[in-house]
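Everything on this sheet refers to the single structure shown next.
Where a number appears in this text, it was derived from the coordinates with a stated rule and is not lab data. Everything numeric in this text was worked out from a predicted model, so none of it was measured. All Cβ positions, glycine included, derive from the backbone under ideal geometry; neighbour counts span all protein chains shown.
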Amino acid sequence: MSDEPAVTSDYPREARISVDELHMDPRNPRLPGAEFPSDKLAIRALVADADIDELIQSIGLAGWQDFEPPIVEEATSNVIEGNRRLAALKLLRDADLAIELGVRLPDSIVSGARPEKIRVFLVKDRKDARDFIGFKHVNGARRWDSHAKARFAADWLSEGDSIEDVSRRLGDAHNTVSRLVNGISILDQATTEGLYEKRDGRRFYFSHLYTAISHNPVRRYLDLPEVDGELLGPYPVPKSRSAQLQNLMKWLYGTPDVEPAIRTQNPDLNRLVKILSSEKATRRLEDSGDLTRAFEDVADRAALFREAMVKLAGAAENAARLASEYRKEDELLEEALGVQRSVRAILATIREIESGEDV
């Protein structure tokens, strides 16, 4: 791999390697769950999901900076750490590939932006590099999102390390790491069993899942042990609860044809937890998919009315401010009349209650 003879088998070991001999990581934690059989496919995924345009512009205009060498698995030449930088270098060195992937290169590229060889740190295997990568991306200055962090921790545990050791070396609490890894186990089960399909072009909020399963009503719904902090293992949801797992994934993330019921953790995810604590509200959500209507079965209805009135007042004020922009072809007159009828009904009910009369 390198034209410089190895003088020691100790790792990590510094070397200078040809950029063309280095390969993208086929299991990049930045892109959890994906595997790439070729460098081109790995680079394409990073172009789509990891925003390397700015990095390409920076290297192209200022040159390659050798202050942070990539980490390379010696036996395979796979770059375990530094894939965004390697992708940028390969695109800068291959204009045809950049054009094929829709990447715009700088108009003027300095000579130092296309080095033949770069300095790297060689390691024996992926496990040999985990401590450094974990420090940098899990709790360091360049953090991965929770999905990548969870996949990284799950892979680490799968190699035989204990939850206590992984938690200590990642600098996270035992419960935090177990929730992340349990979230990965449930996501993998739902995906493998065809109960969940990722929506193209939509951001995946992994935190919704691992936060949801930390709540007992959700755990009861999936028939999981009600002990937060213990590792659940692979395929933790019983087959008898496959429909419930599919429901949960649909509510959290939607389907290719249906929008998710959960848009935010507060209030939506908190409302889901309360709904699943009530059999009646749960059945309503299962039947309708309407989070708002199901929540009415368990909510403080007076508080819901106050919330709805505040939203109505704001929307009405905004509509009144823009009313002069109305055009006849917009056909909004019936909508306005419907709003008027609703407001009259609200006022009639409030006045009856204020006067002390039964409604």
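A few comments on the model shown:
- Scalar couplings 3J(HN,Hα) for the stretch 225-242, obtained by applying the Karplus form with A = 6.51, B = -1.76, C = 1.60 to θ = phi - 60°, are x, 8, 10, 6, x, 9, 6, 8, x, x, 6, x, 8, x, 4, 5, 10, 4 Hz; x denotes Gly and Pro.
- Cα-based shape type of the stretch 13-125, given that a ≥ b ≥ c are square roots of the gyration tensor eigenvalues and the cut on a/c is 1.5: oblate
- When the Cα positions of Gln244, Leu187, Leu157 are compared along the charge dipole of the stretch 146-260, Gln244 comes out farthest toward the positive end, with charges on each C-beta of Lys, Arg, Asp and Glu.
- Over the stretch 301-354, the hull volume per residue, using the convex hull of the C-alpha atoms, is 86 Å³.
- In degrees, nearest ten, helix 174-192 long axis to first principal axis of the chain (Cα): 80
- Residue-averaged [θ]222 nm for the chain, counting only DSSP H segments that reach four residues, each worth -39500 (n - 2.57): -15000 deg cm²/dmol
- Among Ala320, Ala308, Ala45, residue whose mean-square fluctuation peaks in a GNM of the chain (springs only between Cα atoms under 10 Å): Ala320
- FRET efficiency, Asp223 to Ala173 (Cβ-Cβ, R0 22 Å, nearest 0.05): 0.30
- Percent of beta bridges antiparallel (DSSP, the chain, rounded to nearest 5): 70
- Charge-dipole axis of the chain as Lys and Arg at +1 and Asp and Glu at -1 on Cβ define it, positive-most pick from Gly102, Ala336, Ile213: Ala336
- Potential lengthening between Asp165 and Gln57 on full extension [0.36 nm per residue; Cα-Cα distance subtracted]: 34.9 nm
- Full extension of the chain between Leu312 and Ala95 gives 72.7 nm of extra length, using 0.36 nm per residue less the Cα-Cα distance.
- Normalised by residue number, the volume inside the convex hull of the Cα atoms of the chain is 212 Å³ per residue.
- The chain: angle of helix 53-62 to the longest principal axis, Cα-based, in degrees nearest 10: 40
- For Glu81, distant residues with modelled amide H under 5 Å away: Ile71
- Sorted by Cβ density within 10 Å, fewest first, the residues Met309, Met24: Met309, Met24
- Bridgeable aspartates and glutamates around Lys198 (alpha carbons under 18 Å apart, same-chain partners fewer than 8 residues away excluded): Glu35, Asp49, Asp145, Asp188, Asp257, Glu259.
- Theoretical gain in end-to-end length, Asn270 to Ser108 [0.36 nm per residue, Cα-Cα removed]: 53.1 nm
- What the phi angles of the stretch 244-253 give under the Karplus curve with 6.51, -1.76 and 1.60, with θ = phi - 60°, is a coupling list of 5, 5, 5, 4, 4, 5, 5, 5, 6, 10 Hz, glycine and proline written as x.
- Ordered by the count of other Cβ atoms within 10 Å of each Cβ, fewest first, Leu55, Leu41 give Leu41, Leu55.
- Distance violations [Cα-Cα > 27 Å] among Lys127/Lys239; Lys274/Lys311; Lys117/Lys149; Lys40/Lys117; Lys127/Lys250: Lys127/Lys239; Lys117/Lys149; Lys127/Lys250
- With Cα atoms as the point set, the radius of gyration and Dmax of the stretch 186-310 evaluate to 14.6, 46 Å.
- For the stretch 146-260: Kirkwood Rh in Å [reciprocal of mean 1/r, alpha carbons]: 14.4
- Projecting label points 7 angstrom from Cα along Cα→Cβ for Glu197 and Glu286 puts them 2.3 nm apart.
- Averaged over residues, the count of other Cβ atoms within 10 Å places the peptides 279-290, 174-185 in the sequence 174-185, 279-290, highest first.
- Helix 39-49 vs. the chain, principal-axis angle (Cα, 0 to 90°, nearest 10): 30
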